[in-house]
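Structure first, commentary second.
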Number of protein chains: 2
Amino acid sequence: MPKQTASRKSRAGSSARMRDVANRAGVSTMTVSRALNEPSKVSEAVRERVLKVVKEIGYLPNHLASSLSSNRSTTIGLILPSIDNSIFTQTVKGLSDVIRQSGFQLMIAECGYDPNEEEELITAFLGHRVSGLVLHSTEHTPQAIAKIRKSGVPVVENGNIPAEPLDMVVSYSNRNAAYAMTSHLARLGYKNIAYASLYSVHNDRSRDRLDGYMQALEEFGLEPDQRLTIETNRGLNAGAEAVARIVQNAPEVDALFCAGDVLAVGALFECQKRGWAVPERIALASFDDVDLLRHVSPSVTTIRLPRHEIGERTAQMLLSRIIDGAEHLRGSIVDLKYEVIQREST
Amino acid sequence: MPKQTASRKSRAGSSARMRDVANRAGVSTMTVSRALNEPSKVSEAVRERVLKVVKEIGYLPNHLASSLSSNRSTTIGLILPSIDNSIFTQTVKGLSDVIRQSGFQLMIAECGYDPNEEEELITAFLGHRVSGLVLHSTEHTPQAIAKIRKSGVPVVENGNIPAEPLDMVVSYSNRNAAYAMTSHLARLGYKNIAYASLYSVHNDRSRDRLDGYMQALEEFGLEPDQRLTIETNRGLNAGAEAVARIVQNAPEVDALFCAGDVLAVGALFECQKRGWAVPERIALASFDDVDLLRHVSPSVTTIRLPRHEIGERTAQMLLSRIIDGAEHLRGSIVDLKYEVIQREST
DNA sequence: GAATGAAATGATACCGGTAACAACTGGAGT
DNA sequence: ACTCCAGTTGTTACCGGTATCATTTCATTC
């Protein structure tokens, strides 16, 4: 007869419970729980005994049970418009580093630039009882807003500084950054500054950038020109087509500000193919300092955005709210600095 | 006196429980549970009444409780070497699309190319009782392997076809792909084919690619040459330095196969800067077909890998195992096809 | 009209932990 | 010797659902 003391079969896939550890260490489950989570509240002898057993039987605490019981979870939800975009990776890294250091886990999902998808994901995350949410988008459905409000979960918005924030914001101002770059171009003496961006439907970041561009034009006494502003799709191709179209429709153009790194690269390649000298024939400026822009020839003037810092600060603020209950942070807005990087393309 | 029937205060942040729905609909919680999860097992009248209440009070099922109680979770863990790498985004998208369609959630974490980090993350994920794991790396610590085995969670490895798989594998063969490209170059008539890759420590993908390169050389009667193979860091700079070093040390080189898209782009830019004609002075080939390689001039010959398909197939297999208990899939290996794309750079 | 059984619903225990409080211990203070 | 208190440990209820089995209802069959 086997000396099986266990009260439950050791079927594959079942892991030991806290009770198993407790039995084997001759203590109660509470003591095991304390030994693992508040070691100072347990005598050294017992703590060692418990930890030894934990190792022996390979006990893995069940986060689900612990979260449910303590009404406190250790996951944070992140919703991105698209995972397939290099500009988010820095932010994700900043977030993920800080979050993991505190023993939290990141759940990432993508909503494909669609507020309805976003709402669905927010619902799913709230169902998973995430203890915090990070949203890149700053435009949400009314239902999504209601659900978040109702849940009481702290939120950070990341992609822009919205007029009516949900809660906390960590971002730079798209408007100001675009204004800065346009001014920079104007100061360099360019007179016919074109502007290419992604479609601004459901995208206040795009709209704000356009606003900044327009304001700079006005302040420098430059005439806005329909033919010089263009909205387009994502992708290298889109950038290529944009520059081609603008040069054809408005040959007097002397600079193109692409509000997106991929567009700028696409535009540059197109210029190279067509033999248009950059910046002599047409100057190029970009938004967002990806590695590539520094390495192409000519290197491209752009705006360095604090992507990584956004992630870090976001995580810090969220964790302060979650762990320390730092209610004074509710609604706070962190407006981070950007920087115009002048390079060969202008 | 308020007509408060509820047995619990409605403090901020608390969401309604199933019991609240049940009370208000005049049924038991089991009936609510059925109305939501197995609608066919509930009469239409009751179902409608329950769903109405659910909407009214904005009830959100608690996934933690449900997972705990049913011993079945709806999250899948994904561990990537780095989020900051465009080659993963396609796979993530493929995964995420299929997984979300089944109501599952993806938890993503990055391990920074370090098996110990990976082990830590695997532990964390198992603690969250993920119902499946996706690992890009195919090299794991013995402890990590033991924990996974013990947990019984189905796993898919993604980055290579390892000699000793943990469980399921969905990938292409790095060895064969590198062999194919090297052969392609040899057939085009190149005689002094150099090879640049990332460091192969803790990276069997790198090692396998080198193997494939070597085998092709041998089969085409080309002499391997120490000066023609180089291992380096990640990044555009690394690619630039690699091509510079190789051309300096071995001027007779006539082709460079970069086992990584970023390296290839870096190398190309360096050639452009130095005025080395591609492919006349030196031909360039890459690994992995990112958008960029098609748009640079000259466009770069490369290998198209089924990144998106890997994600989809991975998700499908994992879900089959989880939902349908498809045990026949255990240990199965899906070897997907790659494709050599001949472009201007060779 | 009684037996039969499928459909609908409920009662209860339990998933694996933690909160809150109770109980026990032994040394310090007086 | 007695009180008191801090340090340990245990007991019990509960977190919010689901599995399981029991019960009720009602149409069908003979």
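Observations on the structure shown:
- Bridge type composition, the protein assembly as shown - antiparallel percent by DSSP, nearest 5: 10 percent
- Buried area at the A-B interface (accessible, heavy atoms, 1.4 Å probe, summed, Å²): 4900 Å²
- Helix axis angle, B:142-151 relative to chain B longest principal axis, alpha carbon, degrees: 30 degrees
- Amide proton proximity set for A:Tyr172, modelled H, under 5 Å, gap of 5+: A:Leu336
- In region A:18-61, Cα pairs under 8 Å separated by at least six residues give a relative contact order of 40 percent.
- What the Cα atoms of chain B give is an Rg and a Dmax of 26.5, 95 Å.
- Taking Lys and Arg as +1 and Asp and Glu as -1, the other residues whose beta-carbon sits under 13 Å from that of A:Phe125 total -2.
- In degrees, nearest ten, helix B:86-101 long axis to first principal axis of chain B (Cα): 30 degrees
- Calculated from backbone phi, Karplus (6.51, -1.76, 1.60) coupling profile of region B:169-181 in Hz, x at Gly/Pro: 9, 10, 6, 10, 8, 4, 4, 5, 5, 5, 4, 4, 5
- When chain A is described by a simple charge dipole with +1 on each Lys and Arg Cβ and -1 on each Asp and Glu Cβ, the residue from A:Leu135, A:His202, A:Val300 located farthest towards its positive end is A:Leu135.
- The alpha-carbon atoms of the protein assembly as shown, seen along their principal axes, cover 78, 68, 54 angstrom, with the largest extent given first.
- For A:Ala255, nonlocal amide neighbours, meaning residues 5 or more places apart or on other chains whose placed amide H falls under 5 Å from its own, are A:Asn192, A:Ala194, A:Ala283.
- The phi-based Karplus calculation (6.51 cos²θ - 1.76 cosθ + 1.60; θ = phi - 60°) puts the 3J(HN,Hα) values of region A:186-194 at 4, 5, 6, x, 5, 10, 10, 8, 8 Hz, whole numbers, x for Gly and Pro.
- Residues in region A:33-75 occluded by at least 40 Å² - accessible area, probe radius 1.4 Å, against chain by itself: A:Leu60, A:Asn62, A:His63, A:Leu64, A:Leu68
- Shown in residue order for region A:330-346 are the 3J(HN,Hα) couplings computed by the Karplus curve 6.51 cos²θ - 1.76 cosθ + 1.60 at θ = phi - 60°: 3, x, 6, 10, 9, 9, 7, 8, 10, 8, 7, 9, 7, 10, 6, 7, 9 Hz (x for Gly and Pro).
- Working note: 222 nm ellipticity from helices only, DSSP H runs with n ≥ 4, each -39,500 (n - 2.57), summed and divided by the residues of chain B, gives -14000 deg cm²/dmol to the nearest 500.
- In this structure the amide hydrogen of A:Glu339, modeled in the peptide plane, comes within under 5 Å of the amide hydrogens of A:Arg304, none closer than 5 places in sequence on its chain.
- Between 0 and 90 degrees, the angle of helix B:115-127 with respect to the longest Cα principal axis of chain B falls at about 20 degrees.
- Kirkwood hydrodynamic radius of region B:174-304, Cα pairs, Å: 14.1 Å
The values are calculated or read from the model by the stated rules, or taken from the named source; none is laboratory data. Remember, predicted model here, so these are calculated numbers, not experimental data. Glycine gets a Cβ as well: all are built from the backbone with ideal geometry, and neighbour counts include every protein chain shown. Quick note on the areas: whole protein, heavy atoms, side chains included, nothing else; ligands and nucleic acids left out. Shrake-Rupley method; radii C 1.70, N 1.55, O 1.52, S 1.80 Å.
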